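A.B. asks: First the structure, which I've put down as structure tokens, then a few questions once you've had a look.
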Amino acid sequence: MAESSTQRQDSFTCSVCLDLMKDPVTVPCGHTYCLGCIKGCWDQEDGKGIYSCPQCRQTFRPRPVLSRNILIAEMVEEFRKTRIQTDVPAHCYAGPGDVECDVCTGRKLKAVKSCLDCLLSYCGTHFKAHNDLNPGRKHSVIDATGQLQERICSHHKKVFEIFCRTDQSCICYLCTMDKHKGHDTVTAAAERTDKQRQLGPTQRRSQQRIQEREKELQELRKAVETLKSSAQTAVEDSERIFTEMIRSIERRHSRVKELIRDQEKAEVSQAEGLLKRLEQEIAELKRRDAELEQLSHTEDHIHFLKTFQSVSETPESKDLSCISVNQGLSFEAVKKSVSSLKTQLENFCKEEVMKISASVTEVQAILPPEPTTREDFLQYSCHFTLDPNTAHRELHLSEGNRRVEWRRELQSYPDHPERFDGWQQVLCREGVSGRCYWEVEWSGQWGVNISVSYKSISRRGVGHECVFGFNDQSWSLDLSSVGSSFSHNNKHTKLPLVASSRIVVASSRIGVYVDHRAGTLAFYSISDTMTLLHRVQTTFTHTLHPGFRLCYSGSSVKLL
């Protein structure tokens with residue numbers, strides 16, 4: 001049925017517009033066209049005075065009078081009404097992304113071919129008509145494309161057929177005569193052949209890249225699933241552990257309340273017993289006092305003398321001879337102890353939560369690239385403060401514990417087990433467990449040591465186990481106006497001079513970068529540019545703390 005419908009449509013198709021005829025008229029040779037189409041053709045021939053049939057080329061003189069072919073018009077209209085949707089399958093109509101037939105009217109069909117000579121795209125039916133109208137003329141036809149205009153030279157309106165190797169662009173043959181005259185040109189087909197040979201290695205590289213990316217895709221998906229599962233487990237474990245801690249605190253809270261109430265009950269019970277006995281004794285004393293008062297007023301001398309002996313002796317109280325009452329009675333000390341516990345817990349929790357936060361941020365599905373510029377490094381900038389509990393007594397801290405200077409006079413620091421007592425050193429309070437970058441400014445002719453250290457480094461004495469860079473607990477960049485070196489585990493490496501000048505007081509800015517997970521430690525000299533001084537690749541097993549050793553009185557270090 002579809003074939004029959006197509007044949008009928010071909011019978012009613014105007015060979016000029018390639019669509020169903022509108023107002024069909026028949027010329028003397030018997031061919032039929034749209035009234036508008038044949039008039040347009042003959043209007044162009046008015047100058048010659050000879051009019052021809054577009055199909056058979058039979059000529060007419062004078063211009064024939066055109067009349068509407070009523071029979072064909074009715075047949076076309078009937079065909080137009082009776083044509084059903086199934087004659088053209090739905091998949092033949094152009095949809096989004098398809099190339100439309102330029103000749104179809106109404107709902108357009110998908111184009112199957114494009115003609116580079118006509119600059120039109122055709123569906124199957126109109127492509128057949130195109131070929132029928134151009135017998136013996138070989139047009140350049142390609143698979144349907146919606147980019148026909150991109151194949152046309154905007155200057156000469158000719159099809160691109162040439163490739164200019166000098167300018168690496170497609171041109172038409174006229175371009176070789178003006179703008180591209182003298183250039184290295186070849187036909188588009190020849191350049192395609194050459195590029196086709198290059199396409200193989202390029203495609204292999206592309207396919208290899210696809211395989212690598214697909215592998216990375218699978219790894220990333222797996223990492224995401226692992227991350228989600230691990231995060232859920234961590235949330236559940238954290239919920240359980242925090243619930244246990246809360247219950248533990250609540251149990252101790254209840255225990256403290258119980259202790260207070262038990263003590264209150266015991267002391268109140270004892271006091272109430274004493275109160276009762278005191279009240280009884282006071283009542284007895286008042287009774288005897290009344291008897292004495294009455295006796296003092298009696299006029300009977302014999303009665304007075306007989307009674308006097310019995311009432312003149314004051315009975316002594318048993319176990320109540322001496323009562324010492326605590327006038328400053330208070331549970332204030334308990335309140336202070338509980339407040340102290342609260343402060344210690346808050347400080348401890350703050351420090352531990354910082355460690356937990358650092359551990360959380362280390363869980364990364366995609367590892368960030370290694371920083372290369374100062375702007376990159378500053379993205380990992382960390383804020384540190386010097387810990388007064390670790391500072392040697394000759395070190396003076398200032399500017400919010402961000403600057404340290406060696407002074408001869410001893411500072412009034414309290415005793416503390418974490419204080420360095422042999423070397424003029426100090427550690428920062430905060431630790432490093434992920435990626436971190438910080439900068440310091442140092443001064444002093446005899447220099448300073450800029451270090452990182454485990455918190456477990458020894459503090460007492462002047463042995464190598466206490467000094468930065470002389471043990472396996474610390475890494476140290478040693479700076480002075482006359483030279484610099486790097487030290488770790490008592491091994492020393494000389495480095496280029498980084499002080500600004502060899503004068504009495506030299507100063508410089510140093511950047512320190514740590515990637516704890518990767519085991520990277522790097523020191524940079526900072527000026528207009530960053531200059532790598534030394535880089536260490538190792539394995540860090542504990543949290544690192546920035547530290548400084550000042551080598552002579554007047555030396556200083558400031559955290560920036």
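A.B. asks: Filter region 368-401 down to the residues that are assigned to a loop (DSSP other than H, G, I, E, B), more than 30 Å from the chain's Cα centre (by Cα) and more than 21 Å from Gly461 (Cα to Cα) and list them by number.
C.D. replies: Within region 368-401, Glu399, Gly400, Asn401 qualify.
A.B. asks: Please return the ranges of strands (runs of 3 or more DSSP E) entirely within region 136-252 where 2 or more residues are within 18 Å of Leu116 (Cβ to Cβ).
C.D. replies: Here the list reads 141-143, 162-164, 169-171.
A.B. asks: Test Glu430 against the stated conditions and say whether it is in contact (Cβ under 8 Å) with a residue 60 or more places away in the chain and touching a helix residue (DSSP H, G or I) at 6+ places or on another chain (Cβ under 9 Å).
C.D. replies: Criteria met by Glu430.
A.B. asks: Out of curiosity, is Gly444 at positive phi and in contact (Cβ under 8 Å) with a residue 12 or more places away in the chain?
C.D. replies: yes
A.B. asks: Name the helices (runs of 4 or more DSSP H) wholly within region 1-100 that hold at least 3 residues that are out of contact with any helix residue (DSSP H, G or I) (no Cβ under 6 Å at 6 or more places or on another chain), hydroxyl-bearing (Ser, Thr, Tyr) and at pLDDT below 90?
C.D. replies: 2-11
A.B. asks: Looking at the structure I just gave you, is Gln364 closer than 30 Å to Arg535 by Cα and assigned to a loop (DSSP other than H, G, I, E, B)?
C.D. replies: Spelling it out, Gln364 is indeed closer than 30 Å to Arg535 by Cα and assigned to a loop (DSSP other than H, G, I, E, B).
A.B. asks: Tell me which residues, restricted to region 120-135, are small (Gly, Ala, Ser) and part of a strand (DSSP E or B).
C.D. replies: Ser121
The values are calculated or read from the model by the stated rules, or taken from the named source; none is laboratory data. Note that the structure is a prediction, hence the values are computed from the model and not measured. Cβ: placed from backbone, ideal geometry, glycine included. Neighbour counts: every protein chain shown.
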